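Engineer: Please read through the structure below; I'll follow up with questions.
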Amino acid sequence: MPSEKPDKSDDHKSVLAALRSHNDRLGALASIASRIGIYQDTRRLAREAMQAIADLLPIKAAILLLIDSSSGSLVFHEAYNLPSEQIERYQRLQTWDDCLEGEVVRRKEPVLIDDVSSDTRAIHYPPGSMSLGLIPLMTRDHVIGVLSVTTAVPRRLDQSDMEFLLTLGSQLAVYLENASLLEELKRSNEQLLEQNRDLEELLSIISHDLRSPLATIGGYASLLMKKGGALEPEERDQFAETIFRKTKETSRRFDDLLTVFRTAMGQDQEEPEEVDVRALVEEALEEAGIHEKIGRITIDIPDKLPRLLGNPTHLVHLFTNLFSNSIKFMGPQEAPRITVGYEKVTTEDGTGHRFSISDNGMGIPADYIDNIFRPFTRAPTEKEIPGSGVGLASVQRIIRRHKGTVHVESVEGEGTTITFTLPWKEVK
């Protein structure tokens, strides 16, 4: 009995199906490219890319991570359909070796896990997940991040899905790198514009604020030279004391201007290092002169303050200036109090650390709060209190330079709270 010949029509159907699937994939890639290519913002680009993937593949959740090429640290993340507690696991990572993403970065190869419950390093999957695919985002043989997607039970990612994600990852890496470069260029331009504004402001301040004491010094010196012999000893002493006092004032103004200039130009930056915030708070209190007020002012400090990766000099400077202002404008009340507050917060760019300094002092007039951070500008109620108005201006510049935010709340006669948030990484 002759053997049956294979049905070539079945082979033809399978080839057509594969071709149709291939064409569908190419069309999907082109669609995603046109959809996300219009964005130049990294976060918006990441969100649209993961939403596009979710529209095409039956995925349950996804997360996109970008890393710093020099240090290998996590610098950006965006998630799709992941609860916050799952995302926070990445923020607590001490090393990439603790997760599968680290393997992808090291090997520069994708990883496919058929069942996420079988691998303890698959840390971000939500309940009900089935398989996990991790794709390196590469440009010029260099890994800039990792894209991870999970599917819902019982759907598994297959090799065709992984090839599609790999091709998409190559496109996405180029778009993300271009967006990062554009954002960096934008930040540089904004920084240059801000520095130009700072320089113009400093020139105006020098012209206005230093002219007056110098004119006073010159006037009294001229009187001493012309009428020195005819002046009474008390008058000569008074003239000399005025010249000495104005000279010290001018010297202090120059120091303040130099501080503002260095902060504005970014010349006082240091390499980030581990910072024990509680120790620096106590150091700042000492520098602010709190030891002279012990027994009169009550200081409340939280039991737990974080350890951060940042600039200790800047952080001491922030707290010192804030404490100095609270002490200086405390007023004559019987129970003066300064309270330090802290909480970890979630910002648009990740985790932030929010600190606050509250006092029950003189407060700030409502019509002056908007000007509190202007250098050398002081509220009318502060005229009898020594100072130059540089401290809070310096605080704002440092916070902005570190991409943080600062906010003031005050009621005249009741007290002031200044709150600032820094995006520094926490050290366990």
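The values are calculated or read from the model by the stated rules, or taken from the named source; none is laboratory data. Because the structure is a prediction, the values reported are computed rather than measured. All Cβ positions, glycine included, derive from the backbone under ideal geometry; neighbour counts span all protein chains shown. The protein model used for the area step is the full one, side chains on, heavy atoms only, and it has no ligands, DNA or RNA in it. Shrake-Rupley method; radii C 1.70, N 1.55, O 1.52, S 1.80 Å.
One line per residue, one yes/no per condition, for (1) modelled with pLDDT of 90 or more; (2) open to solvent by 20 Å² or more (accessible area, probe 1.4 Å); (3) among the acidic types (Asp, Glu):
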{"position": "294", "(1), (2), (3)": "no, yes, no"}
{"position": "301", "(1), (2), (3)": "yes, yes, no"}
{"position": "315", "(1), (2), (3)": "no, no, no"}
{"position": "333", "(1), (2), (3)": "no, yes, no"}
{"position": "339", "(1), (2), (3)": "yes, yes, no"}
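Engineer: Additional query: Against the definition (modelled with pLDDT of 90 or more and either of a type outside the set (Val, Ile, Thr) or part of a loop (DSSP other than H, G, I, E, B) (or both)), how does residue 368 come out, yes or no?
Structural biologist: Criteria not met by residue 368.
Engineer: Separate question: Out of (1) at pLDDT 85 or above; (2) open to solvent by 50 Å² or more (accessible area, probe 1.4 Å), the odd one out for residue 95 is which?
Structural biologist: The one condition residue 95 does not meet is (1).
Engineer: Considering only the stretch 171-185, state which residues are surrounded by 15 or more Cβ atoms within 10 Å (Cβ to Cβ) and not β-branched (Val, Ile, Thr).
Structural biologist: Listed by number, the residues that qualify are 171, 172, 173, 175, 176, 177, 178, 179, 180.
Engineer: List every residue pair whose Cβ atoms lie under 8 Å apart, where the two residues are 6 or more positions apart in sequence or sit on different chains, the first residue falls within the stretch 275-289 and is touching a residue at least 24 places away in the same chain (Cβ under 8 Å), and the second residue, located anywhere, is part of a helix (DSSP H, G or I) and among the charged types (D, E, K, R).
Structural biologist: Every condition considered, no pair remains.
Engineer: Do we find a residue being open to solvent by 50 Å² or more (accessible area, probe 1.4 Å) and either part of a helix (DSSP H, G or I) or over 19 Å from residue 67 (Cβ atoms) (or both) anywhere in the stretch 139-154? Steps first, please.
Structural biologist: The initial filter retains those residues of the stretch 139-154 that are open to solvent by 50 Å² or more (accessible area, probe 1.4 Å), namely 140-142, 153-154.
Filter again for either part of a helix (DSSP H, G or I) or over 19 Å from residue 67 (Cβ atoms) (or both), leaving 153-154.
There is at least one residue in the stretch 139-154 that is open to solvent by 50 Å² or more (accessible area, probe 1.4 Å) and either part of a helix (DSSP H, G or I) or over 19 Å from residue 67 (Cβ atoms) (or both).
Engineer: Restricting to the stretch 351-371, and then to whatever is farther than 13 Å from residue 326 by Cβ and under 26 Å from the mean Cα position of the chain (by Cα), can you tell me which residue is most open to solvent (accessible area, probe 1.4 Å)?
Structural biologist: 370
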